[in-house]
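Okay, structure first, notes after.
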Amino acid sequence: MKREWLIQFRVTKKLTQAQVANFAFIDRGYYSQIETGKRNPSHTVATNIAKVLDFDPILFFQNDTNESSFQSNLSNGEIPEFFRNNEFSEVLYLYNNFKLYYQHVISFILTGVQKSSFCIVIDYFMNLNHIRQSLQPILKDKELENFICFIDMEELMNDEPEHLAKYFHELLWKMKPERSIRIWLNEKQYCDNDWLCNIQKHMKDSKNLLEMKKILFVRSYNASLVSAVSHIKMMRKYPYLMTDFEIADSPFYQFSNSSNILPSFDLQEEV
Amino acid sequence: MSKTIPLTRYIEVSSSSHIVYFFENERIYLENLMAYIKTGLEQGQHLIIIEQAEVLNKALQKMNVSEAGKKYIHHYDNSSFYRSYGDFNIESILNHAMDLIQPFLDEDVDFRTWSHVKWKDQKDIANKLDQYEGLADGCIGEVGYMCVCAYDATNVSAEIQTNLMRSHEYIMTDEEFVHSSLYNKKRIQSKK
């Protein structure tokens, strides 16, 4: 199985397979096979590669253990691929598996850092800690500081919408206009008129600023805690639908140019 | 290759189409059931309706179906069919379904089905429904008939819904009818 995380390391460091192989004193073909998962490195080779790409070699074995249980389920890395190729869109992510959830947040951040995007991660305290810990061996402290902003969901929910609107406005304002932004938001419950709608109402002054920015936004929920009714409502609002294993067009997205939404049977009868 | 047939007066779909309907409003549910029956009868198809007798009778009364038309409609109680009093037993439900459709296949008679899926709260129902619908989809493709599986959207989680979007080619709500973008995407073993 493909070691997607290892590819991320290399790409983030802007190195080719040949360069990593050369610095790690191994053949390029061998290194390529390690990335694709066809071969497993010895401890010495793993240590050398880790030195070149600046991560803890233990990660090699930890990830191999974790991935053997669930990475084989990923459909050809189409989700990291989507994050790599899209800088502007909105994705609705309903997850079932926490391990895969974390893997996707990490991939979202790493592919963002690779593009020098600024990543805002809004999640619950425990999850943020886990994400931070996973990133620490991969990114330098400076990269963590300059590229990522972690926001505790509980604190955010307790704040006033006006204050939050001001906070986000200032955050956007400080950034260079050409810099793209990624926002990952994880929530427990879905509400029709939620805190985000309230903030948006108070961000009218930032409308132009927001429109100018390239924003990749992922909104995630635990699939077992959201009803089908809410899911349908959300699918109408978001152009992309993501699960633990795949990403696809949202079939109910109402604002698509190529929308293929037909009325239900009885509504057709009324035509 | 399967032929296309009218699903309604305005849409043609493959003769072996698996449709999942997430309903919220009972009145609209009834209207949709009536529209489905009406097109089936117009096509000269038999209809296998797995639903509460009370609901089907209400629909037939509203539609004013003739006695001759009623001969084309075959009713089965959904609580008994899905064993909604006990364990959602995939094998037994599928066997029961085959028993229902076999006479139509033997006689080479066109038919379409509508089932309101019901279950009693139980452990691992998301996986059971996923397995059941996956197997049912294979059977529909093989045998070649049109099938609507109706689920009460207020009683289904997004987890179950996502699985159903993978096993059904079309999705309907009270308002919309769409092609499922998750259908036939590589099915993955997500089971624990």
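The values are calculated or read from the model by the stated rules, or taken from the named source; none is laboratory data. The structure displayed is predicted, hence computed values, not measured ones. Cβ sites come from the backbone with ideal geometry, for glycine too, and all protein chains shown count toward neighbours. Side chains included, ligands, DNA and RNA excluded: accessible areas come from the protein's heavy atoms. Shrake-Rupley method; radii C 1.70, N 1.55, O 1.52, S 1.80 Å.
Summary of computed values
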quantity: At least 50 Å² of accessible area lost relative to the chain alone, listed for segment B:135-160 with a 1.4 Å probe; calculated: B:A158, B:E159
quantity: With all protein chains modelled, accessible area of B:K71 [1.4 Å, Å²]; calculated: 150
quantity: Chain A - Rg over Rh from alpha carbon coordinates, Kirkwood radius; calculated: 1.01
quantity: Value of relative contact order over chain A, rounded to a whole percent, pairs C-alpha under 8 Å and six or more apart; calculated: 22
quantity: Degrees, to the nearest 10: A:43-53 long Cα axis against longest axis of chain A; calculated: 60
quantity: For A:221-227, mean number of other protein chain Cβ atoms within 10 Å; calculated: 5
quantity: Peptide A:230-236, shielding by other chains (average Cβ, 10 Å cutoff); calculated: 5
quantity: Average beta-carbon neighbours from other chains, 10 Å sphere, peptide A:90-99; calculated: 2
quantity: Normalised contact order of chain B, rounded percent, pairs of Cα under 8 Å and 6 or more residues apart; calculated: 31
quantity: Segment B:15-179: antiparallel DSSP beta bridges as a percent of all, rounded to 5; calculated: 10
quantity: Heavy-atom accessible surface of segment B:15-179: percent carbon and sulfur, 1.4 Å; calculated: 44
quantity: Principal-axis tilt of helix B:53-63 within chain B, Cα atoms, nearest 10 degrees; calculated: 40
quantity: Share of Cα-Cα pairs in segment B:1-84 lying beyond 17 Å, as whole percent; calculated: 52
quantity: Chain pair B, A: total accessible area buried, heavy atoms, 1.4 Å probe, Å²; calculated: 3300
quantity: Packing rank of A:7-19, A:87-99, where each peptide gets the mean count of other beta carbons within 10 Å, highest leading; calculated: A:87-99, A:7-19
quantity: Where A:V20, B:V55 fall by accessible area, highest first, once all protein chains stay in place (1.4 Å); calculated: B:V55, A:V20
quantity: Calculated [θ] (222 nm, deg cm²/dmol) that DSSP helices of n ≥ 4 give over chain A, each run adding -39,500 (n - 2.57); calculated: -15000 deg cm²/dmol
quantity: Mean Cβ neighbour count within 10 Å, used as a protection proxy, ranking B:95-102, B:31-38 highest first; calculated: B:31-38, B:95-102
quantity: Among A:I151, A:I183, A:I261, residue whose mean-square fluctuation peaks in a GNM of chain A (springs only between Cα atoms under 10 Å); calculated: A:I261
quantity: Rounded to 5, percent antiparallel among DSSP beta bridges of the protein assembly as shown; calculated: 20
quantity: Solvent exposure of segment A:126-233 as accessible area per residue, Å², 1.4 Å probe; calculated: 57
quantity: Accessible area in square angstrom per residue, chain B, 1.4 angstrom probe; calculated: 47
quantity: Length-normalised contact order of segment B:82-174 in % [C-alpha pairs under 8 Å, at least 6 apart]; calculated: 33
quantity: With Cα atoms, 0 to 90° folded angle of helix A:125-135 axis to chain A main axis; calculated: 40
quantity: Spatial separation of Cα centroids for segment B:71-103 and segment B:107-144, in angstrom; calculated: 10
